[in-house]
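See below for the structure under consideration.
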Amino acid sequence: MIPLKQVFTPQEMEAIFVNLEDVIKVHSALLRAIDLNMLSGGSGLGKIFLEFKERLLIYGLYCSHMENAQKTLDEQIATREDVKIKVEECTMKVQEGKFKLQDLLVVPMQRVLKYHLLLKELLTHSADRPERQQLKESLEAMQDLAMYINEVKRDNETLKKISEFQSSIENLQQVKLEEYGRPKIDGELKVCSIVNRTKQDRYIFLFDKVVIVCKRKGYSYELKEIIELQSYKMSDDPMNNRDMKKSSGKMWSYGFYLIHLQGKQGFQFFCKTEETKRKWMEQFEMAMSNIKPERATANQHNFQMHTFDKNTNCRACKMLLRGIFYQGYYCSRCGTGAHKECLEVITICKINPLDLEPGLSSGPKMVAVRNYHGTPAPPGKTPLCFQTGEFIELLKGDPDTTWWEGKLIQTLKSGFFPSSCVKPCLDPKPFQSLSTRQCSRESDYYGYPWFAGNMERQQADNLLKSHSSGTYLIRERTAEAERFAISIKFNDEVKHIKVIEKDSWIHITEAKKFESLLELVEYYQAHSLKESFKLLDTTLRYPYKSRERSLTRASTRSPDVPIQMNAQISGSATCASYNFSFLSPQGLNFSSQSSAPFWSVFTPRVVSSAVARYNFAARDMRELSLREGDIVKIYSKIGGDQGWWKGEANGRIGMRFLNVR
């Protein structure tokens, strides 16, 4: 890179090489660590990758800008003779010109995305090695890294698309479209308000959070209205359906409603065809599911779709929240981050922001009644952005003024916001009693898929012996000194572990103690029990209720579904990369013409079938939402090296679906 600084400006160097100098430093440190480890026998190789995972995240920035870097380099070579000569000169010095600079720019991305494949191959040759569990953990870490890098790349492409929308819409003023989430669909519809029944031609941009209503003006758009979806629900009126049948074949007669939750003005949208209407309604449903997921308030949390400023791991599955904006969900009460699909298994909210120690928060407490994203902006001041339901300490505010100054209680960020966006917390009692309610629920574990209640040892044996290795339950031992026990299927046996409660601590070994049973379970879901019992090399993998539900779902499938085989997917795009186990050998077609969706002209060839091992919540209509136990027909594995396959589940085809763990 140094010789090229003679012909490129610093800005051009950054555009072409991005953060390659930082990548080289991290990569060199990784190589040194591996070399030193190999000199001492190589037993700690897995640990090295675990330690470097956080540092390797900088590859996300490089990989997401790589295509633009190649394009910039091509343009410079094509338009500047001095650049062309210098690049050719440098190329000849490296292996006699065997590789072009454009090709070499791709190498870092190719290397980092193959680490998990190399570790997988290493794992297949380490069946009897003591460090096998550590290799498994490093494999999962590198798979998570690969998915993070791919999602960062994808988000950068999405932001480019949003930027194009931003520049084409007039009158946006200080509105930043990226604050409204990811774009879902855009196109021409006819729109009328519930009050004014006149249909108007409008161009609609649907985002996760809002509907941008515009009037088309040649190649640009004039902003007419921004509709916040948080305040609406969608309805496909039956009366409208009857009208559609009467006017079958008539253009712009296929409509649906957005109805305001407080009875304010609603909207009706009309589409050209029934198929177009179906697509728009699906995208509206997906957007509303993203901003108002079903389990957003489960276990006393208050989860909101959120952009995390720094790399964050999901509280439930411990994997990264991937991407660069709106990566996941944030609880405004306890500060926990989570994937959408993990909201239903997240543990009870542990912190109530209104129960802070005296002196830490002394101003009046306010609660946000609607979102504020910084628009309109406070004159000459820093805006304080927040979501509905977040708590704010009022620092300065007069009832007669438009702008108040406040501080978010959870994050301690401060700034100015419209006074109309908040209301006082007049009755703190519901919040003050939250800790008491939490304490009472700490002993009520029946809502968790691993809790079996009062159960004898023999009953647990009989229950678990038919399940796969790693399936577990927690049972009460009412007649024994120790109140709880863990029963877990490991290989061909069911093992039982007493849970000790002593001096306000709970543990299975003196070396590792916890404040609650929930914390203990959460820890051993991510860490092997061999830390306490050398011969028990497994985590708490499958709660027994979840396994029973998945078996029940699988048993109720149609008779032509093949029986599940014990073998799991292997190869370059494999069970560790994808959450499925094989149901049939590759190449066998179990599809029939009648099983294809109504919108499919031909039945796609099924290359294999699988069963989902984990839940996955789709973020847009290209992806498939999956529940543990769902049968998936695999149509294509093209793109498997990037974490995506094409398949069908529950009558829906996804262009690609994601490896989530």
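Using 0.36 nm per residue of separation minus the Cα-Cα distance, give me the extension gain between residue 103 and residue 515 in nm, one decimal. Can you show the working numbers first?
Details: separation 412, 0.36 × 412 = 148.32 nm, distance 5.39 nm.
Extra length available between residue 103 and residue 515 comes to 142.9 nm.
When DSSP assigns beta bridges and you keep just the ones with both residues in region 365-424, what percent turn out antiparallel, to the nearest 5?
On the way: 16 of 17 bridges.
Antiparallel bridges make up about 95 percent of those DSSP assigns within region 365-424.
Please list log₁₀ I(q)/I(0) at q = 0.30 Å⁻¹ for region 365-424, using the Debye equation with identical point scatterers on the alpha-carbon positions.
Reported log10 I(q)/I(0), two decimals: -1.53.
If you average the C-alpha positions of region 478-536 and of region 188-227 separately, how far apart do those two centres end up, in angstrom?
58 Å
Kindly flag which residue pairs out of 224/277; 184/279; 184/264; 365/423; 190/272 have an alpha-carbon separation exceeding 20 Å in this structure.
Beyond 20 Å: 224/277; 184/264.
Using 0.36 nm per residue of separation minus the Cα-Cα distance, give me the extension gain between residue 536 and residue 170 in nm, one decimal. Don't jump to the answer; show the numbers that get you there.
Details: separation 366, 0.36 × 366 = 131.76 nm, distance 6.37 nm.
Result: 125.4 nm gained on full extension.
State, to one decimal in nm, how far the label point of residue 224 lies from the label point of residue 201, with both points 7 Å from Cα in the Cβ direction.
Calculated label separation equals 1.1 nm.
Expected output is a single nm value to one decimal: the length gained when fully extending between residue 114 and residue 483, i.e. 0.36 nm times separation in residues minus the C-alpha distance. What is it?
Contour length minus Cα-Cα distance gives 128.1 nm.
Please pull out the direction-averaged projected area of region 43-121, using the convex hull of its alpha-carbon atoms, in nm² to one decimal place.
On the way: hull surface 28.1 nm².
Mean orientational projected area (region 43-121, Cα hull): 7.0 nm².
Taking every pair of Cα atoms in region 134-229, average 1/r, invert it to obtain the Kirkwood radius, and report Rg/Rh to two decimals.
Working: Rg = 18.6 Å, Rh = 15.5 Å.
For region 134-229, the value is 1.19.
Testing the spin-label approximation: label points 7 Å from Cα along Cα→Cβ at residue 275 and residue 395. State their distance in nm.
Computed distance between label sites residue 275 and residue 395 equals 5.6 nm.
In what order do 147, 92, 319, 286 fall by count of nearby beta-carbon atoms within 10 Å, going from fewest to most? Working shown, then result.
Working: 147 24, 92 11, 319 18, 286 21.
Final ranking by Cβ density, sparse to dense: 92, 319, 286, 147.
What Kirkwood radius, in Å to one decimal, follows from the Cα pairs of region 2-157? List each step's numbers first, then the result.
On the way: mean 1/r = 0.0576 Å⁻¹.
About 17.4 Å for region 2-157.
Binning at 5 angstrom from zero up to the longest distance, how are the C-alpha pair distances of region 1-94 distributed in percent?
Bin by bin from 0 Å, the calculated values are 2, 12, 18, 17, 15, 11, 10, 8, 5, 2, 0.
Would you mind pulling out the separation of the Cα centroids of region 274-309 and region 72-110, in Å?
Result: 45 Å between the Cα centres.
Determine the equivalent ellipsoid of region 69-181 by diagonalising the alpha-carbon gyration tensor, then write out the semi-axes as square roots of 5 times the eigenvalues, largest first, rounded to whole Å.
Working: eigenvalues 277, 185, 9 Å².
Semi-axes from the Cα gyration tensor: 37, 30, 7 Å.
Restricting to lysines 8 or more places apart or on different chains, can you count the pairs in region 1-85 with Cα atoms under 24 Å from each other? List each step's numbers first, then the result.
Details: 5/25; 5/71; 5/84; 25/47; 25/53; 71/84.
Number of lysine pairs found: 6.
What ranking of 322, 477 emerges when the number of other C-beta atoms within 10 Å of each C-beta is taken as an exposure proxy, fewest first? Intermediate results must be reported in sequence, preceding the final value.
Numbers: 322 24, 477 17.
By the 10 Å Cβ count, ascending: 477, 322.
Of 402, 91, how do they rank once you tally other Cβ atoms within 10 Å and put the fewest first?
Numbers: 402 13, 91 18.
Least to most surrounded, the residues fall as 402, 91.
What is the projected area of the convex hull of the Cα atoms of region 451-543, averaged over all directions, in nm²? Show your work: numbers first, answer last.
Numbers: hull surface 22.2 nm².
For region 451-543, the mean projected area of the Cα convex hull comes to 5.6 nm².
Applying the Karplus parametrisation 6.51 cos²θ - 1.76 cosθ + 1.60 with θ = phi - 60° to the phi angles of region 73-86, what ³J(HN,Hα) value in whole Hz is obtained for each residue in order, glycine and proline being reported as x?
Calculated HN-Hα couplings, in order: 4, 4, 5, 5, 5, 6, 10, 10, 5, 5, 5, 4, 5, 5 Hz.
I'm a student and want to see the number: the projected area of the Cα convex hull of region 1-52, averaged over all directions, in nm². Write down the numbers at each step before the final one.
Numbers: hull surface 17.9 nm².
Result: a mean projected hull area of 4.5 nm².
Bear in mind that the values in this text are calculations on the coordinates, not laboratory data. Note that the structure is predicted; figures quoted are calculated from it, not measured. Here the Cβ is made from the backbone with ideal geometry for all residues, glycine too, and neighbour counts use every protein chain on show.
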